[in-house]
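Data block below; observations after.
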Amino acid sequence: MTSKGNSIIDRFTQSAIAVTAAVKVINKEQLLSEKEEHNFKFISSEILQQFDQHYIGKEGVDEALVEVNHAIAETGTVVLECSNEQVRTATCVAEHLYVIVKASSLVECSHDIVDFMAENTQNQGGYIAFISGPSRTADIERVLTVGAHGPRELTIFIVSDL
Amino acid sequence: MSIHDKIRTKIEDDVLYKNLKNFASSYKQSKANVYKGHDFETLRKRVYDLKDRDINKVMEQFHRFKDNAEKSGATVYQARTGEDACNYIAEVMKKHNSKYMVKSKSMTSEEIQLNHRLEAKGLSPIETDLGEWILQIGDEHPSHMVMPAIHKTRQQVAKLFSDYTGKTVDPDDIKGMVEIARQYLRDDYFKAGVGMTGANIAVAETGTIGLVTNEGNARLSSTVPPVHIVLVGYEKLCDNFSEAMDIVKVLPKSATGQNITSYVTWIKGQNPSHKNETGVKETHYVFVDNGRLAFFEHPEFKEALKCIRCGSCANICPAYEMVGGHVYGDRYIGSIGLILTALYQGDADAQDILKMCIGCRACSFNCPSGIDLQKMISNLKMVVGQKYGINSVKKQVFNKVIAKPDRMKSLMGLGSTFQFPMTKTNKFNKEKIIASVPMLSGEKDFRHFPALSKKSFTKMFNNQIRPLANPKKKVFFYPGCAVEYMYPEIGLAMARLLHKHGVQVDIPSRSVCCGLPAIAAGDPENARTMIHKNLDEMKSPADYDAFLVVCPTCGGAIKHEFLDFTREDPDRYKLSKQIGEKLMPMGQFLEQLNLKFRVKGGRSVTYHTPCHNTRSMDYSAEDLLKNVLGEQFKPLTDSNVCCGFGGTYSLDFAPISNGILNKKIEHIEDTQADIVITDCPGCVMQINGGLMYKGVEKKVMHLSSFIENELEVVPS
């Protein structure tokens, strides 16, 4: 891996931690063992070649694992095209959301993905989520509290060899 | 309830005071941190430019958006009024037999009073943003655009939740309360037949909306129900995603001091929805006019449509900080709230609240869209002043006294002669003050006023300051009313210092008010009279190296408002422009003279930055003082936050003025400095008056008196 690659991962990690996400830099093999160790009730990932199609209701789900399209270093954001309703719902109601991002799809700032945005909203529908850390609120006395309506925790697997 | 009664109620609310004060100080810090490494001016210029457009451009963006949205099967509806929009939304709900609609936060829905109107039709909109939900349960309105329930304590929320759920709620368990909202509202997302969101951004390029949120409720509201309604104002349109990202870059930073919110959600047209019998979500975009489209054609008011609803104009407003958004604004809150109330609801609704702006200009300098909010408020004040009349006593004073220099002079002379039985000497600093001002009791009595000077500045200057034989430089000094009648020493100290160093000081033959008090009171005719008279008294700018002021408020008026009030008078406009280019505060001129100072005594010093120094004259004396004083300089927290004076504002809105002053005094006491320096006679009057009233023994000095008394020039 080039030194440039390392530094963008570092910058992303720093920003993601600042928004209270957890970041693990792993290789593809380690990703497979992560999958085995966890009990993911919903998986949608090209790398893992698994695309679950069940709907999750209001009861939610403990752990879901979803591969995202991009990650933005400046803000620690993961970018997920989720016009697929099952993916969208799972990422909304999972208690602990895990996401997979290829190191090669990291970008510096949101302006770097404007073409991706335009392409993915070109057709019939489109639903792109920028997710930065867990769901949060500060609406009661401005006390920061995580787990408002969405995931209480967010873990990001950066797959370094992809 | 009158505006003054409302203000009193809020001022007496200790919870509100504490919440807003804490928020104001932590917001300033986090905002400064989050913009580190970015050039705020560049970022906001970008947003300003992309929002700078006329009605043709907006409609072009709208049609592009509409075409794209409709191609994907969505419906686009143009609502002419708020009522029209509400009826449309009600029809969609009825068509789907949906009593319930989950909605995420939308200020536009507050503007059109959507909940109220739907409830009147027997429908049940459910707010899902935690703050909005708290207020819905408590039957209240937001007091802030981004943090709607900022005025509520954890105890009050616990009580509301306890009544709502019928369960015991621990007021100290905020996490537990968030959990209650999570559980109750989770059911609602799945129960509702319709979900509604607003839109922070509407991207014409592909017909996509952007939502900036933290809680995840907008994602759920737009995902779970089979129908999605988007309520959006035309001003949210932009061309493409690059522009959209420019907005996303500043919005969370300016709103809450976050680099980014937890979610930024982009939604285009129709997505799969298994709950809809077609298998596809039914999507409606409701574009609201409600009066806004007309303003795209107005040369000034169109500026208001650049707002991205971050709420930062409230976050840094000293008057908002005293009374909160239930008074400072209406449906929209903060400076933009005062403006949008006038534009959307009409100036009759806005006439009282517009007056609450103290004119410190902090909002104009903080707006991430680069809107000169204070100027718009000032212009609107003049509109309502002309239409509904201004305070009749003020009108008389402006018309019959202040605008007529000779009458002002003789009246002030008379005042100074007759005041002496009523003056006394303040104990610890031996300054002459007015013992008691008749008719100024109760809440207006919170500071001592300086006695009027026995002789006017102009008279003393002409007696004491002799023209120089061979001046190295020449300056023209505009004293302003405070120096002319109350603090001649401030002007004389400066003149003596400059003469000593070979700079000839000339002054106008007659002193005329700069006109700003009349502008602030909403009286443009008298302001124009004063400004024109002033220009006629000024000497030719070609003969001077600089025009100087010791009052930055007068300075700001000369630099900016003189231009506004001479637009139809080419000669006077040209003169204003030439004077403005040479105009500077005294401190800045001293720095340009390159005089080296050293401090004589060992007393510690702090500095209050007058609002109009930095914001109207682009100058602060802080660096000058730091360099000279070194360790003896004690930085003042929130140095550039208003002292609460604002001229007659401090009498019209005494409780707000007093509250702002108290915070200033608190910060001053924290510095433990012996001397407070500022370079505006109005700030001197306010801060010194407050300190004397409270018996706080600190010397308050204008920069010019401080330099004359406490510094000496190092021979070069």
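Which value in nm describes the separation of the simple spin-label points at A:GLN14 and B:HIS116, placed 7 Å from the Cα toward the beta carbon?
5.0
Need one number: nm distance between label points at B:THR168 and B:THR278, each 7 Å from Cα along Cα→Cβ, rounded to one decimal.
5.2
Kindly provide the helix-only [θ] at 222 nm of chain A, computed as the sum of -39,500 (n - 2.57) over DSSP H runs of four or more divided by all residues, to the nearest 500 deg cm²/dmol?
Working: 4 runs with 42 residues, N = 162.
Mean residue ellipticity at 222 nm (helix-derived): -7500 deg cm²/dmol.
For B:LYS71, give me every one of the aspartates and glutamates with a C-alpha distance below 14 angstrom, ignoring sequence neighbours fewer than eight places off in its own chain.
B:GLU205, B:GLU282
If you line up the long axis of helix B:154-165 against the longest principal axis of chain B, both from Cα atoms, how many degrees apart are they, to the nearest 10?
Computed tilt is about 20 degrees.
For the residues B:ILE579, B:ILE137, what sequence is obtained by ranking on other C-beta atoms within 10 Å, fewest first?
On the way: B:ILE579 23, B:ILE137 17.
Going from sparsest to densest Cβ surroundings: B:ILE137, B:ILE579.
Could you give log10 I(q)/I(0) at q = 0.21 Å⁻¹ for the range B:547-666, computed by the Debye formula over C-alpha point scatterers of equal weight, without solvent?
Here log10 of I(q) over I(0) equals -1.17.
When the Karplus curve 6.51 cos²θ - 1.76 cosθ + 1.60 is applied with θ = phi - 60°, which whole-Hz ³J(HN,Hα) does each residue of the range B:343-350 get, with x for Gly and Pro?
6, 8, 9, x, 5, 4, 5, 9
Where does helix B:654-671 land angle-wise versus the long Cα axis of chain B, in degrees 0 to 90, nearest 10?
In chain B, helix B:654-671 runs at an angle near 70 degrees to the longest axis.
Classify the range B:1-96 from the C-alpha gyration tensor, please: rounded if a/c falls under 1.5, else prolate or oblate depending on whether a/b exceeds b/c.
Since a/c reaches 1.5 but b/c is at least a/b, the shape of the range B:1-96 is classed as oblate.
For chain A, what proportion of DSSP beta bridges, expressed in % and rounded to the nearest 5, is antiparallel? Each step should come with its number before you reach the end.
Values: 11 of 34 bridges.
Within chain A, antiparallel bridges account for around 30 percent of the total.
For B:ARG466 and B:GLU41 in the same chain, what is the full-extension length gain: residue separation times 0.36 nm, less their Cα-Cα distance, in nm?
Numbers: separation 425, 0.36 × 425 = 153.00 nm, distance 4.57 nm.
Here the answer is 148.4 nm.
Cα axis of helix B:405-418 to longest principal axis of chain B: angle in degrees, 0 to 90, nearest 10?
Taking the Cα atoms of chain B, the angle to B:405-418 is about 70 degrees.
Hey, what do the phi angles of the range B:546-554 turn into as Karplus ³J(HN,Hα) couplings, whole Hz, using 6.51/-1.76/1.60 and θ = phi - 60°, x for Gly and Pro?
Running phi through 6.51 cos²θ - 1.76 cosθ + 1.60 with θ = phi - 60° gives 7, 9, 10, 9, 10, 10, x, 5, 4 Hz.
List the residues whose amide H sits under 5 Å from the amide H of B:THR283, counting only those 5 or more places along or on another chain, with H placed 1.01 Å from N in the peptide plane.
Counting only residues 5 or more places away or on other chains, the set is B:THR75, B:HIS228.
For labels at B:GLU591 and B:GLU525 in the simple 7 Å Cα→Cβ model, what's the distance in nm?
Taking the two extended label points, one gets 4.3 nm.
From the Cα gyration tensor of the range B:534-580, with a ≥ b ≥ c the square roots of its eigenvalues, which class applies: rounded if a/c is under 1.5, or else prolate if a/b is larger than b/c, or else oblate?
Numbers: a/c = 2.09, a/b = 1.15, b/c = 1.81.
In terms of gyration-tensor shape, oblate.
Within the range B:121-173, list the trypsin sites (Lys or Arg not before Pro) lying in a DSSP loop whose Cβ has at most 15 other Cβ atoms in a 10 Å radius. Each step should come with its number before you reach the end.
Numbers: sites: B:LYS121, B:LYS152, B:ARG154, B:LYS159, B:LYS167; in loops: B:LYS121, B:LYS152, B:LYS167.
Answer in residue order: B:LYS121, B:LYS167.
Run down the aspartates and glutamates and flag those whose C-alpha is under 17 Å from the C-alpha of B:LYS6, throwing out any fewer than 8 positions away in its chain.
B:ASP14, B:GLU140, B:GLU321, B:ASP330, B:ASP349, B:ASP352, B:GLU443, B:ASP652
Return one quarter of the surface area of the convex hull spanned by the alpha-carbon atoms of chain A, equal to its mean projected area, in nm².
If you wrap the Cα atoms of chain A in a convex hull and average its projections, you get 10.0 nm².
More than 20 Å apart: what percent of Cα pairs in the range B:406-590 qualify?
Tail of the P(r) past 20 Å holds 59 percent of the pairs.
B:GLU712 label point, 7 Å along Cα→Cβ, cut-off 17 Å on backbone N: hits in the range B:480-506?
B:497, B:500-501
Show the residues, 5+ positions off or on another chain, whose built amide H is closer than 5 Å to the amide H of B:PHE449.
Amide H neighbours of B:PHE449, under 5 Å, 5+ apart: B:ILE434.
From the phi angles alone, apply the Karplus equation (6.51, -1.76, 1.60; θ = phi - 60°) to the range A:56-72 and give each ³J(HN,Hα) in whole Hz, x where the residue is Gly or Pro.
Each residue's phi maps through the Karplus curve to give 9, x, 5, 5, x, 8, 5, 10, 10, 10, 9, 8, 9, 8, 8, 9, 10 Hz.
Considering amide H positions built from the backbone, and no H for Pro or chain starts, which residues 5 or more places from B:LEU636, or on another chain, come under 5 Å of its amide H?
B:TYR607
State the extension gain, in nm to one decimal, for the chain segment bounded by A:CYS109 and A:SER7, taking 0.36 nm per residue of separation less the distance between their alpha-carbons.
35.3 nm is the gain from fully extending A:CYS109 to A:SER7.
What FRET efficiency do you get for B:ASP347 and B:ARG80 if R0 is 25 Å and r is their Cβ-Cβ distance, rounded to the nearest 0.05?
Values: r = 21 Å, r/R0 = 0.83.
Efficiency, rounded to the nearest 0.05: 0.75.
Kirkwood hydrodynamic radius of the range A:108-162 from all distinct Cα pairs, in Å?
Roughly 14.3 Å, rounded to one decimal.
Exposure proxy check: B:THR671, B:THR609 ranked by fewest other beta carbons within 10 Å? All intermediate terms of the calculation are to be shown ahead of the outcome.
Numbers: B:THR671 19, B:THR609 24.
Least to most surrounded, the residues fall as B:THR671, B:THR609.
I'd like the trypsin sites (Lys or Arg not before Pro) in the range B:504-611 restricted to DSSP loop residues with at most 16 other Cβ atoms within 10 Å, sorted by number.
Listed in order of number, the matching sites are B:ARG510, B:LYS539, B:ARG567, B:LYS596, B:LYS600, B:ARG603.
Work out the P(r) tail for the range B:43-293: percent of alpha carbon pairs separated by more than 22 Å, whole number.
55
Assuming 0.36 nm per residue, please report the length gained on full extension of the stretch B:LYS459 to B:LEU411 beyond their Cα-Cα distance.
Gain on extension, B:LYS459 to B:LEU411, equals 15.8 nm.
Viscosity 0.890 mPa s, temperature 25 °C: what is the translational diffusion coefficient of chain B from Stokes-Einstein with a Kirkwood Rh over Cα pairs, rounded to a whole number of µm²/s?
Translational diffusion coefficient: 89 µm²/s.
Sorted from fewest to most neighbouring beta carbons within 10 Å, what does the list B:THR283, B:THR165 look like?
Lowest count first: B:THR165, B:THR283.
Straight distance only, please: which lysines reach the Cα of B:LYS427 with their own Cα at less than 26 Å, same-chain residues fewer than 8 apart left out?
B:LYS444, B:LYS454, B:LYS455, B:LYS600, B:LYS634, B:LYS663, B:LYS664, B:LYS694, B:LYS698, B:LYS699
Nearest 5 is fine: what % of DSSP beta bridges in the range B:593-713 come out antiparallel, could you say?
Within the range B:593-713, antiparallel bridges account for around 25 percent of the total.
Viscosity 1.306 mPa s, temperature 10 °C: what is the translational diffusion coefficient of the protein assembly as shown from Stokes-Einstein with a Kirkwood Rh over Cα pairs, rounded to a whole number of µm²/s?
54
Laboratory data are not the source of any read-out in this text; all were calculated from the coordinates shown. Values in this document were obtained by computation on a predicted structure and should not be read as measured data. When we count neighbours, we look across all protein chains shown, and the Cβ atoms used for this are built from the backbone with ideal geometry, even at glycine.
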